[in-house]
Amino acid sequence: MDNLTVAEALYEVADLLEFTGGDPFKVRAYRKAAEAVGLLPEQVAGLARSGRLTRVPGIGKAIAAKVTELVETGRLGYLEELRQAVPPGVLDLTRVPGLGARTAMLLYQRLGVDSLEALELAAREGRLRDLPGMGPRREAAILEGVARVRRRPDRVSIGTAAPIAAAVLQHLRSHPAVLRAAVAGSVRRRQETVADIDVVVATRDPAAVQAHLDRLPPLPRAVDPVLVPPEEFALALFERTGSAAHLAEVAGAGQGIAPMGAAEADQSSASEGPAGPLRDVLDTLESDVADAAVYQALGLPYIPPELREGRGEVAAARAGRLPRLIALKHIRGDLHVHTTASDGTATLAEMAEAARALGHRYLAVCDHSQSLAIARGLSPERLRQHVAAIRRLDQWEGFRLLAGAEVDILRDGTLDYPDEILAGLDVVVASLHSHLQLSEAEQTERLLRAIANPHVDIIGHPFARVIGRREPIALDFERILEACARTGTALEISASPSRLDLSDQHARLARAAGVKLVINTDAHSARELELMPYGVGQARRGWVEPEDVVNAMGLPDLLDWLSRPKG
Ligand code: DGT
Ligand code: CA
Ligand code: ZN
């Protein structure tokens, strides 16, 4: 039994427990254990057999016993009980906005509603209104909600898809009939959301591989496999990577592609340096250049997957003008992270140690400012103490802890701390967290005022969007770029998969305008420091080069940049 199967079972237990109103600590424990198993480099089955499971951080005694049962018997009694209590269609009901687990269970137990279809029917027939807490108005809202779920494009974030894709690859590669396997499609192109997980497999025995694929546990995302003989692998990978627009651009360039022999792929890894588990996950995807031979056959330089969007990359390749893309190995530090001082879950010391372990040369601690009460924003006095603690701790050789703040941009564009306080900080990230509904004109003026502040180094997640949940603010981006280019203010590419803000296209516009970019994780835990590769992927999609990126600078250059006079 492979790690993916175990992790999926643990995730499912957590989801079902949560659904049935189980102990939140238990829910969290299962989720943590699932995550730990998913990222484990060694086989969990082996650990279970030798009784070493509890040595894995995140797996306690009780869960270790469950994992052992699962590994040894292929079944998990506890999970089967939970599944009995909650059929899959009942889980689906909570996709309807405003309909939580408790209501879903009520609908199931009282009315036998076990799917969106059944819910819609019951609402139409007026059978919901008599349930406790319901009524005709709520019934109508649910009906409208069902329609909204149907309209919603069913896509997931790259942050959800990439680890699943890596696990699917691991599963595939464990089978002897799999000669090569690679992820293709939008996941390989690092698109911010994806519809499915395309994989290409080279094999002489497609039936055996298909059977192996059928043994994958039910995944939160569909896997779309293409099985080909090894000599067609490179071409199939190229075609399945797309995008359709890129393939059209290539075709439009005039050459047909002849099938070729097994590609002599350059298997060198795209990134170097110390690696955390998540970096390993992403590296498996990133390092595959198995379709390089296709470009060679076309007489083109290799076009990295992130550029394959039909946005002029083929013409650029032909002219020898492809960008020298930023890569994870260029990143020297992180300039926007949180600690327990505001809404982070790791202490200052834990964040610093985690950043050092990742090989960073510097880390800027930028906790929230006073008006963001919901995130325990720091009063001037608490900020003063926090900065003092940062300065005391900063005693390493070859690693620098910088004192900063993520300062809220207030409604009128002034900042949440006075200038005297900002002047004492090494790094100031200014971000929008409120008044996100203002008009384009108001929002632009507001941001321009923040950019003009001489102490502001970085505008954090500039469009304040949350993918799938909150639309980007209205902004005259051209004027923002003009101002940033003039003042030397950098724009952030948030690496957090739920934000990825700037978008790829905005990042490309920014670099074309000569505006500096910075790729930050906005980590609220030590683990989230490892989200950097998602930001790098987004930057690569924006044609960004190392020279454009503030945190690709070594420490001396960074310190120079931070102390530059603002124009
Ligand atoms: P998505 O929507 O996140 O799944 O995005 P993709 O790009 O992964 O799209 P998908 O899964 O439908 O197809 C994977 C690749 O297969 C796509 O990038 C290019 C190729 N492909 C799919 N449909 C077409 C098509 O109609 N024409 C051409 N030329 N290629 C296609
Ligand atoms: Ca796809
Ligand atoms: Zn933040």
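Just so you know, all these numbers are worked out from the coordinates, no wet-lab data involved. The structure displayed is predicted, hence computed values, not measured ones. Cβ sites come from the backbone with ideal geometry, for glycine too, and all protein chains shown count toward neighbours.
Structural remarks
- Helix-derived mean residue ellipticity, 222 nm - over the chain, DSSP H n ≥ 4, -39500 (n - 2.57), to 500: -13000 deg cm²/dmol
- Extension gain, K329 back to R151 (0.36 nm per residue minus Cα-Cα distance, nm): 60.0 nm
- This model, with +1 at the C-beta of Lys and Arg and -1 at the C-beta of Asp and Glu, gives the chain a dipole about its Cα centre of some 660 debye.
- Taking the charge dipole of the chain about its Cα centre, with +1 at Lys and Arg Cβ atoms and -1 at Asp and Glu Cβ atoms, the residue from A512, P225, L307 reaching farthest to the positive side is P225.
- Cα centre as origin, Lys/Arg/Asp/Glu Cβ charges: the stretch 362-453 dipole, Debye: 300
- Taking amide H as placed 1.01 Å from N in the peptide plane, I409 has its amide H under 5 Å from the amide H of S431, L432, H433, each at least 5 places away in sequence or on another chain.
- For the stretch 54-96, the spread of Cα coordinates along the three principal axes comes to 40, 23, 13 Å, biggest extent given first.
- Burial ordering of W561, W396, W543, fewest other beta-carbon atoms within 10 Å first: W396, W561, W543
- Cα-centred dipole magnitude for the stretch 294-383, charges only on beta-carbon of K, R (+1) and D, E (-1), debye, nearest 20: 520
- Cα convex hull, the stretch 24-101: 114 Å³ per residue, rounded to a whole number.
- Here the calculated FRET efficiency for A251 and D2, from their Cβ-Cβ distance with R0 = 51 Å, stands at 0.85, rounded to the nearest 0.05.
- Evaluating 6.51 cos²θ - 1.76 cosθ + 1.60 at θ = phi - 60° for every residue in the stretch 488-502, the Karplus couplings come out as x, 7, 8, 9, 7, 9, 6, 7, 4, x, 7, 10, 6, 10, 4 Hz, glycine and proline recorded as x.
- Farthest toward the positive end of the dipole of the stretch 473-537, out of L500, M532, A483, is the Cα of A483, where the dipole comes from beta carbon charges about the Cα centre.
- DSSP assigns beta bridges within the chain; of those with both partners inside it, close to 20 percent run antiparallel.
- The stretch 475-567: C-alpha gyration tensor shape, a/c 1.5 cut-off, then a/b vs b/c: oblate
- Computed with the Debye formula from one identical point scatterer per Cα of the stretch 55-136, without solvent, the log10 of I(q)/I(0) at q = 0.12, 0.14, 0.16 Å⁻¹ comes to -0.50, -0.61, -0.69.
- Charge tally in the Cβ shell below 11 Å around R470, where Lys, Arg are +1 and Asp, Glu are -1, R470 excluded: +1
- When the inverse distances between all different Cα atoms of the chain are averaged and flipped, the Kirkwood radius reads 25.8 angstrom.
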